[in-house]
Structures are given as structure tokens and as C-alpha cells.
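Derivation of every value follows stated rules applied to the coordinates shown; laboratory data play no part. The model shown is predicted, which means the values in this text are computed figures rather than measured ones. When we count neighbours, we look across all protein chains shown, and the Cβ atoms used for this are built from the backbone with ideal geometry, even at glycine.
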Amino acid sequence: MSGSGSQGNGQRLRADCERCAGLCCVALPFTASADFAADKPAGQRCTHLTAENRCSIHAGLRASGFTGCAVFDCYGAGQRVTARPELTPGPEMFAVFRVTRPLHELLWLLTEAEATGHGGAARPLIAEIEALVDGDAAELRGVDVTAWRARVGPVLEEVSERVRRGLGGRDLRHADLVGARLRDGQLRGTTLRGALLIAADLRGADLHRADLLGADLRDADLRGADLADALFLTQPQLNAAHGDGTTTVPGALTRPVHWPSGSSPARHEAPHRARGMPPGKAAPVGGGSGLGGRSGNGRRTGRGGRGRRNDRAGGADGTEGPGRRPG
Ligand code: SF4
């Protein structure tokens, strides 16, 4: 078995900016904050997006105050919507993208669930969502994503319980572990779904089959941690955390490019909360699925939940940010 360590999520659920019309840089809004250096309403092109749909500050997103872009991931929704023959870049395409993106995140999680070998009802749900995403654009625009999350959530919960059974893990769901000292922690089989792990010290932690659905890992220190078989870990969660070459990441995910390739010196920072973000206001990275318990935000995460640091993709191509290539 392997949780997120599976190879279950293929290319169809990976951002491919080369085949996307820059949808996340236009369709989604963001709000000036620690993660975005400016405001941008939905449907308006980002001022850093070139005519060729490349990001002119791609190489320096974090330094430029656009960490939210560097963390975001569309889970392949961008190229899928761009490829729809009946749509051209404009309000309708943007609206379809805003629905397709969270549905693709659910597909990612369900595919991971299925890959554990304990998928249960995951397969029929995947088929249903795939049909929905391939279906009529007008119908897709009207999809109630919250209702879908409500259907998917129990399936993931069931898979999690089956996979973690017998491992003796604890139940730390929704726990406030901001800045917690969990170095070398034995967290195997523990459910941390929706937990606030902002700036937590997880160096060397054993997260074998730990359920990380919707856990907020912003600035968490993952150096030396074993995440190979962590459940429901997503790329945005990794992108928001700090690790290095000693961090074991699931095979289905990409090691963030801002992580040093070897072992790195201590860089544990003050907890995010100390920088003015009360934990109750924190956005659960990876919780764009709304399944971790603390998100469920109507204002989506990612290039969606942009008022908060959340998911902006680390590209599968090894470049920072899934966003547009440098202009
Ligand atoms: S990735 Fe897109 S939204 Fe972010 S700064 Fe670059 S062009 Fe703007």
C-alpha cells in the first residue's frame, strides 16, 4: 500500500502550464496579504502575466511577495479547461475553471484513496466526477462543489481508517499545533486532518500512513521527515512547507524547488501566528478540498483562496510555481 506515495495520480492531474491559457492568473482573484503583493479581482489578468501567458516574475515569485502563486496547484484543471473546444478565454471559461479546479483536487484525493488498495467507493466517485468535468459547460458551471466535498469526505475518512488500522496512531484532527515541537515525533497512523501545523517542528518525524488531509503545513519544518506513505498529502501542502533533500516525499508528488537538495542548516522560524495570523484565520493548505475540516471555504484556496497563503503550484517541470513560465 502506499498513500500519497502511490503513483496513482497520473499526468492528467498535474498542472501543465504549457497547455493552459494562463487561467489561474486571470480567472482567480487574490487579495493583498502576506502571500500576494497586490489585489486582483477574478477575471482580470494579473499585471505580471505577459501576452504569451507567461509569468514575468516566475523566477522570483516568493521574493516578489507572491508566495501564494508559488504554492498553488491547479491539479491539471487549467489544461483541461483550456482544451475544451467550445470555450475561448473569457468569463465562461473562467467560470468553468473555477469549478473544475476544486473538482480536480477531489479527483486527486480520490485517486490517492484508490491507490491505497482500500478505495471502497472511490472508483465510482472518480468516474462520476470525470463525467461531470467532461460534460456540458453550462451544467458544470452550476455544480455545487460543497455538495461534492460532502460526498467525497466520508469516503476518504473510511479509507483513512482502514489504512491506519492497527498502527496505534492518535487522533489529532483539527488540533492546534502551531509551532509545536514534534521533532522525531512518532506520528505513524495518526490522523492530523485539518490540524494546524503552521511552523511546527516536524524534523525527523515518522508520518508513515499519517492522514494529512487539509493539514496546514505552512512553514512547517519537514527536514528529515518521512512522508513517503502519508495519506492525502498534496503538492500545495508540500510547497508551503520547508524541507530539504533529507525529507522523504511521496512518489506522486514533486520535491519543491525551493527546498535545498541536500541536508540544510536549521532555519526554524517564528511561528506564523507570531507574524500576525491567528490560527483560527489560517487557511489550511491543501485544504482547498474543503475536506480537512477547517476550510470548506467558498472562496477557494489556491489561486483561488488567494487572500491567504495556500496553493500555488510547484510545477511538475521542476520550476517554481505552476504558473506561467518566465516571460
Ligand atoms: S504566477 Fe500568474 S498570478 Fe502569480 S504573479 Fe505570476 S502572472 Fe501573476
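Tell me whether the range 156-212 comes out rounded, prolate or oblate; compute the Cα gyration tensor, take square roots of the eigenvalues as a ≥ b ≥ c, and use a/c under 1.5 as the rounded threshold. Because a/c hits 1.5 or more and a/b fails to exceed b/c, the range 156-212 counts as oblate.
Dividing the alpha-carbon Rg of the range 105-169 by 2.2 N^0.38 Å yields what? Please list the in-between numbers first.
Working: Rg = 13.4 Å, N = 65, 2.2 N^0.38 = 10.7 Å.
The reported ratio for this selection is 1.25.
Rounded to the nearest Hz, the phi-derived 3J(HN,Hα) couplings of the range 125-133 under the Karplus curve 6.51 cos²θ - 1.76 cosθ + 1.60 (θ = phi - 60°) are 5, 4, 4, 5, 5, 4, 5, 5, 5, where x marks glycine and proline. Multiplying each eigenvalue of the alpha-carbon gyration tensor of the range 59-115 by 5 and taking the square root yields semi-axes of 22, 20, 8 Å, largest first, rounded to whole angstroms.
Summary of packing: across the peptides 164-175, 58-69, the per-residue average of other C-beta atoms within 10 Å ranks them, highest first, as 58-69, 164-175.
Seen from all sides and averaged, what is the projected area of the convex hull of the Cα atoms in the range 11-164, in nm²?
Dividing the Cα hull surface by four gives the mean projection, 10.0 nm².
Taking the average, over residues, of other Cβ atoms within 10 Å as the packing measure, peptides 96-104, 126-134, 49-57 rank 96-104, 49-57, 126-134 from highest down. Which of rounded, prolate or oblate describes the range 197-256 when judged by the alpha-carbon gyration tensor and an a/c cut-off of 1.5? Since a/c stays below 1.5, the shape of the range 197-256 is classed as rounded. Using the Cα coordinates of the range 91-229, the gyration tensor eigenvalues translate into equivalent-ellipsoid semi-axes of 32, 18, 11 Å, sorted from longest to shortest.
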